[in-house]
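What follows is a short report on a single structure.
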Amino acid sequence: MVRGMLLWLNGPFGGGKTQTAHEVRRRLPGSVVCDPEHLGIGLHRMMPRALRGNYQDIPAWRQSTRQVLGGPSEPAACSQLPPEFTGTPRQPAPARA
């Protein structure tokens, strides 16, 4: 069985994560880019305007992203995935003073 490696890029909006991912893909033969933001944007657009919020808080987004990344189906077993993919809703960031 061929084992792969997951390279997780994290950072602020506009920080160059997508550009970096595509550059890594260009330089690393056989690699692919999986951007869960595309799924989130689609889910966000399908929701009624009154219910729209952060797509990362939509359970379907977290579950689908976990499946695409090959994570286990049971949230309790997702020790290698960040909390936002285990089915636990994200907490809003505290307001800055």
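Consider residue 50 carefully, then state whether it is touching an Asp or Glu at 6+ places or on another chain (Cβ under 8 Å) and either over 21 Å from residue 64 (Cβ atoms) or of a type in the set (Gly, Ala, Ser) (or both). Criteria not met by residue 50. Residues in region 58-97 that are among the charged types (D, E, K, R) and surrounded by 14 or more Cβ atoms within 10 Å (Cβ to Cβ) were compared, and the one that is modelled with the highest pLDDT is 62.
The set of residues from region 4-21 being surrounded by fewer than 13 Cβ atoms within 10 Å (Cβ to Cβ) and either touching a Pro at 6+ places or on another chain (Cβ under 6 Å) or farther than 25 Å from residue 53 by Cα (or both) comprises 4, 5, 6, 7, 19.
The values are calculated or read from the model by the stated rules, or taken from the named source; none is laboratory data. Because the structure is predicted, anything quoted here is derived from the model rather than measured. All Cβ positions, glycine included, derive from the backbone under ideal geometry; neighbour counts span all protein chains shown.
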